[in-house]
Amino acid sequence: MNTQNSNKEESPKELSRIVGQSNEMVRKTFYSELEINDIKLFRTIISKINYRDNLFEDFYLVNYDELNLAGISNSNRFRFVTESLEKLASTYVNILDKEGIKTRVGLIRNKFKYPKGAKQIMVEIDDDLMPYLLELNGEYTKYQLSNIGKIKSVQ
């Protein structure tokens, strides 16, 4: 993953990011306390994950172009994204961990960097979510991030 800060415009390939996640995770995630823009932010974050990989990156950088692509408003963006990241870190999915023990895992780790004026967010994903976001085959959902921008409600 390229982590260099660049002023270059995103390529069409970058702007047609694919979101992939297992259908089981879609069914198990508790979205009841999330608003549509929180879900758009989460999907933007997981669009950075290559669902064909077998390991997570140490962190994922999400930039403003990707937030725009997902339809996240520029209005009060820093405040909104900060609050939304806190919600995502405290929103859980019930999974079975590697030892088969039922575990509640936050959608993102409760550690993220979003310096004011930086125009990018650094987010970490918990390794326990690997089976739901990596090496996907069988039942999973895949779509372009730009389609998220058109969604108007959580349902």
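The values are calculated or read from the model by the stated rules, or taken from the named source; none is laboratory data. Owing to the predicted nature of the structure, the values given are computational and were not obtained by experimental measurement. Because the Cβ atoms are built from the backbone with ideal geometry, glycine has one as well, and the counts that use them run over all protein chains shown. Just so you know, the surface numbers come from the protein's heavy atoms only, side chains and all, with ligands and any DNA or RNA stripped out. Shrake-Rupley method; radii C 1.70, N 1.55, O 1.52, S 1.80 Å.
Filtering segment 28-48 down to residues that are farther than 17 Å from THR82 by Cα and surrounded by fewer than 22 Cβ atoms within 10 Å (Cβ to Cβ), which residue is modelled with the highest pLDDT?
LYS48
Can you pull out every residue in segment 79-97 that is open to solvent by 70 Å² or more (accessible area, probe 1.4 Å) and touching a residue at least 24 places away in the same chain (Cβ under 8 Å)?
TYR92
Tally up the residues in segment 58-76 that are within 16 Å of PHE112 (Cα to Cα) and open to solvent by 10 Å² or more (accessible area, probe 1.4 Å), please.
Qualifying residue count for the region: 5.
Kindly establish whether ASP53 is modelled with pLDDT of 90 or more and not in a helix (DSSP H, G or I).
Working: modelled with pLDDT of 90 or more: no; not in a helix (DSSP H, G or I): yes.
So ASP53 fails the test.
Output the number of the condition that ALA89 fails; it satisfies all remaining conditions of (1) closer than 19 Å to TYR60 by Cβ; (2) more than 13 Å from the chain's Cα centre (by Cα).
So the condition that ALA89 fails would be (2).
Name the pairs: first residue in segment 141-155 and farther than 11 Å from ARG17 by Cβ, second residue at pLDDT below 70, Cβ to Cβ under 9 Å, at least 6 apart or on different chains?
From segment 141-155, the pairs are VAL154/TYR31; VAL154/SER32.
Cβ-Cβ under 7 Å, sequence separation 6+ or interchain: first residue in segment 59-77 and β-branched (Val, Ile, Thr), partner in a strand (DSSP E or B) and open to solvent by less than 20 Å² (accessible area, probe 1.4 Å). Which pairs?
From segment 59-77, the pairs are VAL62/ILE121; VAL62/VAL123.
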